[in-house]
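The values are calculated or read from the model by the stated rules, or taken from the named source; none is laboratory data. Predicted model only: the values in this text are computed from it and were never measured. Cβ: placed from backbone, ideal geometry, glycine included. Neighbour counts: every protein chain shown. Please note that ligands, DNA and RNA were not included when accessible areas were found on the heavy atoms of the full protein model with its side chains. Shrake-Rupley method; radii C 1.70, N 1.55, O 1.52, S 1.80 Å.
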Amino acid sequence: MEQHVDLQKNNIKKTFQHLEVIGWKFVKAREYQNTYIFKSPDGKKYLHFGDPEKIQKVIDVQTSLCGKGYPVSQILKTGNFGKYFYLIESSLGDETYGDIFTRGIKSQTFQVFCNTTKTYFEAQVKNQLPPPSNFNVRKEVMAENVVKENSDLNLNLVNLALDKLQHRLQALPFTHSHGDFAARNILNKGVIDFEFYSIAPIGLDVFNACIVENFWMFKNETGEFHAKFCFEQYQNKYLIKILSEVCSEQNLDRLLEHQNDFILFKAFWSTAYERQQAINGGNETKWRFRRAVLMHCIEKYLKDESINTFDFQSLNKI
């Protein structure tokens, strides 16, 4: 077994060396995927290689979404390095908005960010799907792990919240969903990294586009917030206004009544596997924060009170 693992590492190392020799620059390894991303010498293309099953999923998803009008990268070439698969895709820009906004959220760049989000949302609306017969919100938010890692949570309240969430979300139209739609995965020409792609309720991606950063507002060892940037409430309201205009045009105004559902979904999803990561990393800060956020959201949700994600940073004291 150890010899097999060493052989895998050696093959990956040789592939890295080959790509670097011909001018491709390593960008990052994709967490949980066993795949790696490189940028071409001219910066106009990206190469993904690694686990054949994971790479094939990316190829299938992006090819399908591109054909449906989603703002995603076009797959230019596919193949294999030995037993590893690869794909080459067109570049959608030099920097994600996650990187751009760390230097300050200027009105012009924020407007383009909103426009890209709107284009993505319009594609979702045009590709509506009926709710899958097997849609299970507990599975989608990894509730089993959340309960396992936080066994002292009030299971009655957790189940009440999940039952309500299941009932409300399955009444919505569904669509092709990114699953981790945030500034770090959005560029001026489109959206990247469909690592968590699924068929999900329309609105789940885009209505959380600004507020998702508030799930990173826990404090690090120096007492500073971990999030490298955070939107203002008025910016989130502006994005919601743009999205609501699309909803009105497409007779989807009811989506505006589901913002609490989208936030609670994200709160459960963001808490999954956090305790184990805390144990592995020797730091419980993020886990305790995400746990406090989840408890806060459940309480508000069951009382039918609006969840304001901009209150999350005050939960660091819990």
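Exactly one residue out of VAL137, VAL158, VAL141, VAL112 is in contact with a Leu (Cβ under 6 Å, 6 or more places away or on another chain), β-branched (Val, Ile, Thr) and surrounded by 13 or more Cβ atoms within 10 Å (Cβ to Cβ): that is VAL137. Considering the stretch 278-312, the residues that are touching a helix residue (DSSP H, G or I) at 6+ places or on another chain (Cβ under 7 Å) and polar (S, T, N, Q) include one that is nearest to VAL147 (Cα to Cα), namely THR309. Residue count for the stretch 233-253 satisfying the condition of being touching a residue at least 12 places away in the same chain (Cβ under 8 Å) and not hydrophobic (A, V, I, L, M, F, W, C): 6. Residue count for the stretch 165-195 satisfying the condition of being open to solvent by less than 10 Å² (accessible area, probe 1.4 Å), among the small types (Gly, Ala, Ser) and part of a loop (DSSP other than H, G, I, E, B): 1. The residues of the stretch 271-318 that are among the polar types (S, T, N, Q), open to solvent by 10 Å² or more (accessible area, probe 1.4 Å) and under 24 Å from PHE231 (Cβ atoms), listed by number, are THR285, SER306, ASN308, GLN313, SER314, ASN316.
Taken over the stretch 153-199, the criterion of being among the small types (Gly, Ala, Ser) and within 18 Å of the chain's Cα centre (by Cα) is satisfied by SER177, GLY179, ALA182, ALA183, GLY190, SER198.
Filtered by the rule that a residue be open to solvent by less than 40 Å² (accessible area, probe 1.4 Å), under 30 Å from ARG288 (Cα atoms) and either among the small types (Gly, Ala, Ser) or outside any helix (DSSP H, G or I) (or both), the stretch 231-246 gives a lone residue, PHE231.
Search the stretch 27-72 for residues being charged (D, E, K, R) and part of a loop (DSSP other than H, G, I, E, B), and hand back the single one that is most open to solvent (accessible area, probe 1.4 Å).
Step by step, filter the stretch 27-72, then rank; the result is LYS44.
Remark: PHE215 matches the filter, which requires a residue to be open to solvent by less than 10 Å² (accessible area, probe 1.4 Å), under 29 Å from LEU160 (Cβ atoms), assigned to a helix (DSSP H, G or I) and in contact (Cβ under 8 Å) with a residue 12 or more places away in the chain. The set of residues from the stretch 145-155 being in a helix (DSSP H, G or I) and open to solvent by 30 Å² or more (accessible area, probe 1.4 Å) comprises VAL147, LYS148, LEU155.
Against the list (1) within 23 Å of LYS189 (Cβ to Cβ); (2) under 21 Å from the mean Cα position of the chain (by Cα), the condition SER107 fails is (2).
Filtered by the rule that a residue be open to solvent by 30 Å² or more (accessible area, probe 1.4 Å), more than 13 Å from SER198 (Cβ to Cβ) and outside any loop (DSSP other than H, G, I, E, B), the stretch 122-134 gives GLU122, LYS126.
Restricting the first member to the stretch 254-277 and to residues that are closer than 15 Å to LEU294 by Cβ and modelled with pLDDT of 95 or more, and the second to residues that are open to solvent by 50 Å² or more (accessible area, probe 1.4 Å) and of a type outside the set (Asp, Glu), the beta-carbon pairs closer than 6 Å and six or more apart or on different chains are ASP261/ARG168; ALA272/MET142. Scoring THR119 on the criteria (1) open to solvent by 20 Å² or more (accessible area, probe 1.4 Å); (2) hydroxyl-bearing (Ser, Thr, Tyr); (3) not in a helix (DSSP H, G or I) leaves a single failure, condition (3). When only residues in the stretch 247-270 that are surrounded by 17 or more Cβ atoms within 10 Å (Cβ to Cβ) and aliphatic (A, V, I, L, M) count, which is nearest to GLN166 (Cα to Cα)? Among them, the one singled out is LEU264.
Mind checking whether some residue in the stretch 247-257 is in contact with a Gly (Cβ under 6 Å, 6 or more places away or on another chain), within 19 Å of GLY203 (Cα to Cα) and assigned to a helix (DSSP H, G or I)?
So the first thing to find is which residues in the stretch 247-257 are in contact with a Gly (Cβ under 6 Å, 6 or more places away or on another chain), and the list is 255.
Pick out the ones that are also within 19 Å of GLY203 (Cα to Cα) and you get 255.
Now drop any that are not assigned to a helix (DSSP H, G or I), which leaves 255.
Within the stretch 247-257, one or more residues are in contact with a Gly (Cβ under 6 Å, 6 or more places away or on another chain), within 19 Å of GLY203 (Cα to Cα) and assigned to a helix (DSSP H, G or I).
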